[in-house]
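The numbers here are math on the coordinates, done by the rules we state, and not lab data. Just so it is clear, the model here is predicted, and its values are computed rather than measured. Neighbour counts run over all protein chains shown; Cβ positions are idealised from the backbone, glycine included.
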């Protein structure tokens, strides 16, 4: 249980981590006699579990929000009607038409995957971001009651989640760059652009590879940075006296009515822009 503000902040920013501790590892309740897969009880244990450790809360909430998205849209699609559409159907149609309009204006190739991908990215990230509206003490409190030392709720405040999504987008960029332009065309783009001369190939390659790698970095860090910073502010507000919390918490939550969909929108638009560039064949 957190006894100081620093411990409180650290507790609320720590993920529920499941990983392997080696034999002989010294925990607060004793030394482990053999290597064990277990939940981390401290931030140091989570760090010592290394690369193969899993953030269970991030995965769980991400999958849960994804299932809500699929279930909600499937429910509306199966009950869609032209004569008397309900409020939920109208809302889903507005979202679909909005994303479809963005794709038409931004994507200049022909690929039936792009619009569904953009819709999935926008709605899924929006749903994950929207968990930020739940007061910061509720979910960790439920976790503590269930015997879990840590339990974060907003997946996009975990860089593992944002980098996972951005790496998937990056893989699509590479795939379509090679598919549309061919291996030779893609190689030519990397080596002879922007300066079409053989002597400048190393310089061109450096610029193009650097620009290529900044795409997933910008996607991941922008989403993570904005969501993480907002979460820290909510946690800091929760440390203030109760009457001050309401004065600051409500305006900050209202401000996130704009931030939450905006960050989902930016991730979606950049994804479509990057994939559009991957479909352009300049040969």
With the checklist (1) more than 21 Å from residue 163 (Cβ to Cβ); (2) out of contact with any strand residue (DSSP E or B) (no Cβ under 7 Å at 6 or more places or on another chain) in hand, flag the one item residue 20 doesn't pass.
-> (2)
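This table checks each residue for (1) out of contact with any strand residue (DSSP E or B) (no Cβ under 8 Å at 6 or more places or on another chain); (2) farther than 12 Å from residue 151 by Cβ; (3) surrounded by fewer than 18 Cβ atoms within 10 Å (Cβ to Cβ).
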residue: 4; (1), (2), (3): yes, yes, yes
residue: 7; (1), (2), (3): yes, yes, yes
residue: 16; (1), (2), (3): no, no, no
residue: 27; (1), (2), (3): no, yes, yes
residue: 32; (1), (2), (3): no, yes, yes
residue: 42; (1), (2), (3): yes, yes, yes
residue: 47; (1), (2), (3): yes, yes, yes
residue: 52; (1), (2), (3): no, yes, yes
residue: 57; (1), (2), (3): yes, no, no
Filter pass, residue 129 being closer than 28 Å to residue 163 by Cα, over 22 Å from the mean Cα position of the chain (by Cα) and surrounded by 11 or more Cβ atoms within 10 Å (Cβ to Cβ) | no
Look through 239, 258, 262, 217 and report the one residue that is surrounded by fewer than 17 Cβ atoms within 10 Å (Cβ to Cβ) and more than 30 Å from residue 116 (Cβ to Cβ).
-> 239
In the range 230-246, what residues are in contact with a helix residue (DSSP H, G or I) (Cβ under 9 Å, 6 or more places away or on another chain) and in a helix (DSSP H, G or I)?
-> 230, 231, 232, 233, 234, 235, 236, 237, 238, 244, 245
Subset tally (residues that are assigned to a helix (DSSP H, G or I) and touching a residue at least 24 places away in the same chain (Cβ under 8 Å)) for the range 1-52 = 11
Considering the range 150-171, residues that are closer than 18 Å to residue 277 by Cβ and buried (at least 18 other Cβ atoms within 10 Å of the Cβ), and then whichever is farthest from the chain's Cα centre (by Cα), we arrive at 170
Answer yes if at least one residue in the range 210-219 is touching a residue at least 24 places away in the same chain (Cβ under 8 Å) and over 21 Å from residue 108 (Cβ atoms), and no otherwise.
-> yes
